[in-house]
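Colleague: Here it is: the structure, laid out below.
The values are calculated or read from the model by the stated rules, or taken from the named source; none is laboratory data. Remember, it's a predicted structure, so these values are computed and weren't measured experimentally. Here the Cβ is made from the backbone with ideal geometry for all residues, glycine too, and neighbour counts use every protein chain on show.
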Amino acid sequence: MKNKIVIATNNQGKLRELRSIFNEFRLELITQGELDIHAAAETGGSFLANALQKARHAARYTKYPVIADDSGLMVDALNGEPGIFSARYAKENASDEQNNLYLLEKMFGIENRQARFHCCLVYIRSYKDPEPIVIQAEWRGLICESLSGNKGFGYDPIFFVPELNHTAAELSIDIKNKFSHRGRANRILVKKLLDKKLIVKQK
């Protein structure tokens, strides 16, 4: 019998990335949507506040542990924008393409293209877990001048990774997980869960 962990997201891209990292463990990852848990309002002032908000909201409606993350793109020349507003940068309920095009418009003519993805990952055993596991990780790159690639999601098509000579949207899921902010955070989480004997490998 597999243990279950609820992922406090309905983002299928995030779910695919998580499943590829946790597939060697005796686990079943399920989204909050599969349990009819509606998404939490993200009213926190930081990635950590939002991640905790999402985790505790989902945990309130389930008996299973919960993993939640709040991630975003931070552009140096825009003083860290879009940051915690990454998913709704162009407007409320904006599509990925709308957010990408809006950001490219704001970056038009700007020479400094430095940016970084930030991920704050939270694991809680229950709603009242007094000691959540919190992990933060980043991935540095450059903002392109146009979209490139059709893999990934979010700002991946305009996030160029010099060491790989590709945008994040041109990378396979395995390569992306090896280098990305979320991939790094998830690998740290796996190690912590193994150390605490909260997950076990498949036999």
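Colleague: Taking segment 143-167 as the search range and keeping residues that are of a type in the set (A, V, I, L, M) and touching a residue at least 40 places away in the same chain (Cβ under 8 Å), which one is surrounded by the most Cβ atoms within 10 Å (Cβ to Cβ)?
Modeller: Looking at residues that are of a type in the set (A, V, I, L, M) and touching a residue at least 40 places away in the same chain (Cβ under 8 Å), I get Ile158.
Colleague: Quick check: anything in segment 71-90 within 20 Å of Lys151 (Cβ to Cβ) and either basic (Lys, Arg) or assigned to a helix (DSSP H, G or I) (or both)?
Modeller: Within segment 71-90, one or more residues are within 20 Å of Lys151 (Cβ to Cβ) and either basic (Lys, Arg) or assigned to a helix (DSSP H, G or I) (or both).
Colleague: Has segment 2-14 got any residue that is surrounded by fewer than 16 Cβ atoms within 10 Å (Cβ to Cβ) and either under 13 Å from the mean Cα position of the chain (by Cα) or assigned to a helix (DSSP H, G or I) (or both)?
Modeller: The answer is yes, given that some residue of segment 2-14 is surrounded by fewer than 16 Cβ atoms within 10 Å (Cβ to Cβ) and either under 13 Å from the mean Cα position of the chain (by Cα) or assigned to a helix (DSSP H, G or I) (or both).
Colleague: Still on this model: Only one of Leu193, Leu104, Leu171 is among the aliphatic types (A, V, I, L, M), within 30 Å of Thr62 (Cβ to Cβ) and surrounded by 15 or more Cβ atoms within 10 Å (Cβ to Cβ); which?
Modeller: Leu193
Colleague: Right, next: Only strands (runs of 3 or more DSSP E) wholly contained in segment 109-203 count here; list those with 1 or more residues that are among the hydroxyl-bearing types (Ser, Thr, Tyr).
Modeller: Output list reads 114-124.
Colleague: Hey, can you tell me all the residues within segment 16-50 that are under 30 Å from Asn150 (Cβ atoms) and either of a type in the set (S, T, N, Q) or in contact with a Leu (Cβ under 7 Å, 6 or more places away or on another chain) (or both)?
Modeller: Answer for segment 16-50, where residues must be under 30 Å from Asn150 (Cβ atoms) and either of a type in the set (S, T, N, Q) or in contact with a Leu (Cβ under 7 Å, 6 or more places away or on another chain) (or both): Leu18, Arg19, Ser20, Phe22, Asn23, Leu29, Thr31, Gln32, Asn50.
Colleague: Is there a residue in segment 121-142 that is surrounded by fewer than 22 Cβ atoms within 10 Å (Cβ to Cβ), within 19 Å of Leu15 (Cβ to Cβ), at pLDDT below 95 and out of contact with any Phe, Trp or Tyr (no Cβ under 9 Å at 6 or more places or on another chain)?
Modeller: The answer is no, given that none of the residues of segment 121-142 is surrounded by fewer than 22 Cβ atoms within 10 Å (Cβ to Cβ), within 19 Å of Leu15 (Cβ to Cβ), at pLDDT below 95 and out of contact with any Phe, Trp or Tyr (no Cβ under 9 Å at 6 or more places or on another chain).
Colleague: Name the single residue, out of those in segment 174-185 being in contact with a Phe, Trp or Tyr (Cβ under 8 Å, 6 or more places away or on another chain) and not charged (D, E, K, R), that is surrounded by the most Cβ atoms within 10 Å (Cβ to Cβ).
Modeller: Among those that are in contact with a Phe, Trp or Tyr (Cβ under 8 Å, 6 or more places away or on another chain) and not charged (D, E, K, R), it is Ser180.
Colleague: Now, a different point. Taking segment 18-40 as the search range and keeping residues that are in a helix (DSSP H, G or I) and either among the basic types (Lys, Arg) or without any contact (Cβ under 8 Å) to a residue 12 or more places away in the chain (or both), which one is surrounded by the most Cβ atoms within 10 Å (Cβ to Cβ)?
Modeller: Arg19
Colleague: For segment 46-65, name all the residues that are more than 17 Å from the chain's Cα centre (by Cα) and either of a type in the set (Asp, Glu) or part of a loop (DSSP other than H, G, I, E, B) (or both).
Modeller: Hits for segment 46-65 are Arg60, Tyr61, Thr62, Lys63, Tyr64, Pro65.
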